[in-house]
Amino acid sequence: MAKEVLIPKKWIWDGSCTYSTKYEFLSNYFIKQPATAGTAGQVLALNSDLEPVWTDEGELPAPGTEGQVLALNASLEPVWQDDKTTTIYQTSDVPSSFNYKGDVYIPTATGVTLTIGSVHYLADSGGDDRLAVVNDVTSAAQMTAFVGIAFDTDDTQGVLIKGIINLGSNPGTSIGEPLYLTGSGALSSTAPSGAGEYVRVMGYYLGNNKVFFNPSQDFILLS
């Protein structure tokens, strides 16, 4: 019998079926071994028919780089990849123009060419959501909407909705100052000031062309 069952670590096989009265159905904890012997290093698993089999233990891919996370690719193979959803932000993560690190939103309706470095708002496209560049600071639909900043022209890549991005040019003057949304979809340290225009903070300047993008949910309509 000892060769036909595996006992969980909390059970010790001593040559007889002895168990504590705390458990009435010890057999529920038994797992039958496969009829075919395995090889060194294999582990016990269940096949598609829920029968126990010996199988090779899944191996990790070749070592990645610091900060990467383990994920599955399209073929369901384990791979190391950059973690773009971490909550740890540092400017060294975005050394070149339009590098980014943070949270990304991908719309349902695609096919729109995005303007890199510009803020886009989420608009209705026949019941689906699509991206459109902000071009009017007097438009409530644009200035109060869910927004993100483009790092690629391909809208299937989505837009950054929170994180850091290297814009390749300087949108601010002093590190730590707020950045506002302008009528061209760009970021600026100068807030809109005309009657009928909306003022909304989009994030903060980090220096060296880098921005912490974190759109405020609050806005002000100037009169």
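Annotations
- Residue list for the range 101-120, given a label point 7 angstrom along the Cα-to-Cβ vector of ASP128 and an amide N cut-off under 13 Å: 107-112
- Pairwise FRET efficiency - THR36 versus SER96, Cβ, R0 = 41 Å, nearest 0.05: 0.15
- At R0 = 35 Å, FRET efficiency that the Cβ-Cβ distance of LEU221 and TRP80 yields, to 0.05: 0.15
- Each of GLU51 and ILE116 was given a label point 7 Å from its Cα along the Cα-to-Cβ line. The distance between the two points is 5.6 nm.
- Using a Förster distance of 25 Å, the FRET efficiency for TYR105-SER174 (Cβ separation, nearest 0.05): 0.30
Each value in this text was obtained by applying a stated rule to the coordinates, not by laboratory testing. Since the model is a prediction, treat every value here as computed from it, not as a measurement. Cβ coordinates were reconstructed from backbone atoms using ideal geometry, including for glycine residues, and neighbour counts include every protein chain displayed.
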